[in-house]
1. Taking only C-alpha pairs under 8 Å that are 6+ residues apart, what is the relative contact order of the chain in percent?
2. Set the Förster distance to 41 Å, then compute FRET efficiency between residue 114 and residue 236 from the Cβ-Cβ distance, nearest 0.05.
3. In region 352-458, what trypsin sites (Lys or Arg not before Pro) fall in a loop by DSSP, with at most 16 other Cβ atoms inside 10 Å?
4. Helix 54-68 sits at what angle to the longest principal axis of the chain, using alpha carbons and giving 0 to 90 degrees rounded to 10?
5. Taking the 0 to 90 degree range and rounding to the nearest ten, how far is the long axis of helix 193-204 tilted relative to the main principal axis of the chain, both from C-alpha atoms?
6. Among the trypsin sites (Lys or Arg not before Pro) in region 1-104, which ones are in a DSSP loop with at most 14 other Cβ atoms within 10 Å of the Cβ? Mind listing them?
7. Taking R0 as 30 Å, what FRET efficiency do you get between residue 166 and residue 89 from their Cβ-Cβ distance, rounded to the nearest 0.05?
8. Express in % the proportion of alpha carbon pairs of region 170-280 at distances exceeding 22 Å.
Amino acid sequence: MSKQFDVIVIGGGPGGYVAAIRAAQLGFSTACIDEWKNDKGGPAPGGTCTNVGCIPSKALLQSSEHFEQANHHFAEHGISVKDLKMDVAKMIARKDTVVKQNNDGILYLFKKNKISFFHGRGSFAKAVEGGYEIKVAGASEEVLVGKHIIIATGSNARPLPGVAFDEENILSNDGALRIGALPKKLGLIGSGVIGLEMGSVWRRLGAEVTILEGLPTFLGGVDEQVAKEAMKVFTKQGLKIELGVQVGEIKSGKKGVSVAYTNAKGEAQTLDVDKLIVSIGRTPNTNGLEAQAVGLALDERGAIQVDGDCRTNLPNVWAVGDVVRGPMLAHKAEEEGVAVAERIAGQHGHVNFDTVPFVIYTSPEISWVGQNEQQLKAAGRAYKAGSFPFLANGRARALGDTTGFVKFLADATTDEILGVHIIGPQASELISEAVVAMEFKASAEDIARICHAHPSLSEATKEAALAVDKRTLNF
Ligand code: FAD
Ligand code: NAI
């Protein structure tokens with residue numbers, strides 16, 4: 001006898017588990033199926049984000065930043081540390097504890113919201129009267145029937161063609177978060193978000209880090225001025241970033257990995273490293289979903305085809321998060337999950353893709369929302385720009401971290417904020433004010449007239465808004 005649900009969510013990452021919670025809050029009988037296993041074979045909901053993405057990477061970034069501070073910056077504060085050591089195994093164990101706390105938190109939320117959780121792989125069996133039959137293959141086999149299906153099956157790391165991840169020498173994000181001892185030399189392919197975050201972790205701990213990037217421009221999607229500053233700072237920190245390379249043969253053996261490549265000048269080069277992280281983007285994951293059993297349409301990238309409201313080509317089948325178009329970000333997946341649950345309930349769930357914030361958790365952090373200067377120029381939009389350096393911010397000086405700036409871009413006529421770009425301390429937190437402002441269609445002057453606490457980094461945001469009208473007070 002099959003178990004019947006109003007809503008079945010396949011995938012328990014940020015898109016899926018949040019969709020399940022919202023559906024349950026709205027009064028639907030809800031099931032969530034997730035196949036992720038912890039090292040004991042038990043359930044580990046939370047998806048890529050919790051297990052091998054956002055959360056563990058931020059745990060390692062925090063540990064390595066503490067080490068960097070103790071190693072290079074405590075002395076400025078009069079603190080001396082003798083015999084500073086890094087216990088990499090302990091750092092990894094702490095990261096694993098943080099991950100487990102998050103897995104357990106999600107299992108608790110399932111219980112609290114009376115969501116039926118199934119540990120195993122969910123796949124489409126067939127369309128049935130009033131819904132879809134979903135098979136669960138796990139410790140036990142189950143057959144569920146749902147009126148509405150939300151697919152949130154996420155994404156997988158993309159390997160280089162012909163170079164499989166062995167997670168020992170050639171690492172995806174999974175292996176990259178489990179490196180057990182400090183590599184002397186670490187190579188990364190791709191200077192995107194993972195390349196920079198993971199490269200920073202191991203550079204701080206003392207590895208010699210080289211990043212090989214295929215494109216001739218660094219952080220092409222980021223405001224040019226911010227990208228330029230970031231390149232300057234990261235290079236000074238010791239990250240070696242080579243742009244415009246073409247990666248050739250990769251040989252992996254007992255002694256490590258050898259990467260043949262051609263540099264931007266067309267010269268043949270070899271990079272020998274102990275470990276190689278390949279971070280060249282991710283591909284949508286529909287493995288094992290049996291999409292064809294019900295005729296679910298995929299696009300040319302293998303993503304599930306959806307409209308702006310996350311509707312697939314099948315009635316009452318929805319898809320959210322990394323498995324559909326749009327930025328592969330946890331908060332974007334969550335917003336889509338909530339909006340879909342609300343649409344199922346006949347409400348008007350909405351995701352504003354124009355105000356999704358982006359953050360790179362390096363040091364300094366980089367964050368932005370809205371359009372950058374090159375996009376506005378390409379669109380022929382008349383705009384005004386204003387920026388303010390953290391060097392002139394009292395709190396940043398007290399923190400001892402004055403790198404970077406806040407930059408506002410506003411419409412030349414109406415002063416509406418079109419984009420905000422930050423490189424500097426706590427940029428991940430500071431960007432929220434800009435997101436709120438843009439959601440409310442604020443002008444730069446609105447921010448400039450709001451009282452900001454002193455001394456705080458957020459005063460740099462206010463000053464950058466004032467700079468749009470060329471009237472900064474402290475610079
Ligand atoms: P996922 O999190 O991938 O979850 C999908 C889940 O579905 C998985 O648990 C999977 O096992 C399960 N599943 C798949 N198929 C089936 C099936 N057939 N049956 C049952 N279960 C199935 N984003 C940010 O916003 N901020 C960050 O700081 C950040 N850092 C990141 C760092 C790294 C190293 C990586 C790799 C990614 C990072 N991301 C970050 C991206 C973020 O992790 C993803 O955007 C997010 O996890 C997508 O959520 P999702 O729910 O769509 O998919
Ligand atoms: P990415 O898309 O950020 O960067 C990939 C980089 O690899 C690009 O610069 C690209 O030009 C380069 N590249 C592609 N093919 C190449 C090749 N053959 N040779 C050399 N370079 C090549 O992807 P990344 O870093 O793998 O991250 C995957 C996803 O995870 C991203 O979409 C991101 O949204 C998400 N993520 C988000 C984080 C955050 O929000 N802080 C942190 C980490 C990941």
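Taken together, the values in this text are just the output of simple stated rules run on the coordinates, not laboratory data. This is a predicted model, so every value here is computed, not measured. Cβ placement follows ideal geometry from the backbone for every residue including glycine, while neighbour counts extend to all protein chains displayed.
1. Working: 1039 pairs, mean separation 66.1, N = 475.
Over the chain, the number comes to 14 percent.
2. Efficiency, from the Cβ-Cβ distance: 0.15.
3. Answer by residue number: 381, 441, 449.
4. 30
5. Compared with the principal axis, the helix lies near 60 degrees.
6. Details: sites: 3, 22, 37, 40, 58, 82, 85, 90, 94, 95, 100; in loops: 40, 82, 85.
Hits after loop and neighbour filter: 40, 82, 85.
7. Numbers: r = 21 Å, r/R0 = 0.70.
The pair residue 166/residue 89 has a calculated efficiency of 0.90.
8. Taking all Cα-Cα pairs of region 170-280, the fraction more than 22 Å apart is 27 percent.
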